[in-house]
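Okay, structure first, notes after.
Laboratory data are not the source of any read-out in this text; all were calculated from the coordinates shown. Computed from a prediction, not measured in an experiment: that's the story for all the values here. All Cβ positions, even for glycine, are placed from backbone atoms using ideal geometry, and neighbour counts span all protein chains on display.
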Amino acid sequence: MKKISLTLTSLALALTAGTAIANCDPGERVVKFSHVTGGTTHPKVVAANSLADRVNTEMNGKLCVEVFPNSTLFGDSKELEALLLGDVQLLAPSLSKFGSYTPKYGVFDLPFIFKDMDHAIRFTKTKEGKDLLLAMDEYAGFVGLGYWMSGMKYFSAGKQLTVPSDAEGLKFRVQTSDVSKAMISAMGASPQAMAFSEVYGALQTGVVDGQENTWSNIYTKKFYEVQDSTTETNHQLLAYLFMTSSEFLASLSTADRTQFLQIADEVTQAANLNVKAAEATNRANIIKAGGKVNTLTPAQRQEWVDTMSPVWKKFENDIGKDLIKAAAGA
Ligand code: LMR
């Protein structure tokens, strides 16, 4: 891989989109990495670009990773299918988007199961957490290479939300997660599943009243511009399955596979070390840009916990009681 020379305009566009620019040499195997987030400070953008930089330097002449951010290659609804078809080799979708492949990842969506990201990271290092990386290998051929944390999630809406009853009757965009849908219903609100690329427009035009996301997504996608405020609920985790297909891995020579997996692992460790700082920066960026952040007293937060706790019971059988116990107790 050699870096290409860019005009100032194309450089500016590439930086805005968080694109890792690569120009693959003849003979190099092109590896496409598609994802849906954008900006330059987003943890997934940083991790994907770091993976591309490392592979393209350390495996120069063999593999060449091209990153396509912002749903420019495949959006939410198409990316997993594209991986199955071999049209892309690397993805990092949210764990909330695997409902049609496995109910097990619902464990990551249970409201308030993780106190914070450190708790979630501890779970991913347990036997149960590691086993889940390969939960879909046998029948779908999806191979989890690691978990990339993104952040805890917060609710935003066109009005300030302080207690769950403030959300009654509102419509919230959610990812395609049955757990998230049940959680919104428990608040007396209506869930509407929608691709990430459509959220800003839906908030702006009033198709939905609110959404739930991390500071990095709220900042880089400018959701704060079209919402009254964001409430620091910390109610759910957003994390990604950094993944490939068993077919892609099998197509590499043993030496290349070992080197690629080593880089993938090191990038994953570094990404999870840096994610808290990225989230804090983007929280501050929202406030600097004029967005409002609403903090909760412990009593107000407890109301959210109590409202959402019946959701666990609903998914206990699908997810598995032991798995829930392992995650909660990690
Ligand atoms: C969302 O759809 O809200 C997120 O999963 C987007 C992302 O990849 O962070």
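According to the square roots a ≥ b ≥ c of the eigenvalues of the Cα gyration tensor, what is the shape class of the range 32-142, taking rounded for a/c under 1.5, prolate for a/b larger than b/c otherwise, and oblate for the remainder?
Prolate, since a/c reaches 1.5 and a/b exceeds b/c.
Run the quick spin-label model on A328 and Q160: label points 7 Å from Cα toward the beta carbon, then report their separation in nm to one decimal.
3.3
For the chain, with only Lys/Arg (+1) and Asp/Glu (-1) charged at the beta-carbon, what is the dipole magnitude about the Cα centre, in debye rounded to 20?
Taking the Cα centre of the chain as origin, the dipole is about 480 debye.
Go ahead and run the numbers for FRET between N23 and L261, Cβ-Cβ distance against an R0 of 22 Å, rounding to 0.05.
Given R0 = 22 Å and the Cβ-Cβ separation, E is 0.30.
222 nm [θ] for the chain, helices only, -39500 (n - 2.57) per DSSP H run of 4+, per residue, to 500?
-13000 deg cm²/dmol
How much of the DSSP beta bridge set in the chain is antiparallel, as a percent to the nearest 5?
That works out to approximately 55 percent antiparallel.
Provide the packing ranking of 304-310, 291-297, i.e. peptides ordered by the mean count of other C-beta atoms within 10 Å per residue, highest first.
Taking the mean over residues of other Cβ atoms within 10 Å, the ranking is 304-310, 291-297.
Charges at C-beta only: +1 for Lys and Arg, -1 for Asp and Glu. How large is the resulting dipole of the range 158-262 about its Cα centre, in Debye rounded to 20?
Value, rounded to 20: 120 debye.
In terms of the Cα gyration tensor, with a ≥ b ≥ c the square roots of its eigenvalues, is the range 18-91 rounded because a/c is under 1.5, prolate because a/b exceeds b/c, or oblate?
oblate
By the gyration tensor of its Cα atoms, with a ≥ b ≥ c the square roots of the eigenvalues, what is the shape of the range 167-258: rounded for a/c under 1.5, prolate for a/b over b/c, or oblate?
Prolate, since a/c reaches 1.5 and a/b exceeds b/c.
Quick query: amide H of V293 versus all other amide H atoms, modeled in the peptide plane; which residues come in under 5 Å with a sequence gap of 5 or more or a different chain?
T230
Determine, from the Cβ-Cβ distance of T295 and T126 and an R0 of 30 Å, the FRET efficiency 1/(1 + (r/R0)^6), rounded to the nearest 0.05.
Once the sixth-power term is evaluated, E becomes 0.45.
Could you work out the relative contact order of the chain, using alpha carbon pairs under 8 angstrom and six or more residues apart, expressed as a whole percent?
Relative contact order comes out at 23 percent.
Starting with the highest mean, order 36-47, 94-105, 273-284 by the number of other Cβ atoms within 10 Å, averaged over the residues of each peptide.
In decreasing order of mean packing, 36-47, 94-105, 273-284 become 36-47, 94-105, 273-284.
Between S253 and N317, what is 0.36 nm times their sequence separation minus the Cα-Cα distance? Round to one decimal in nm.
This chain segment gains 19.0 nm when fully extended.
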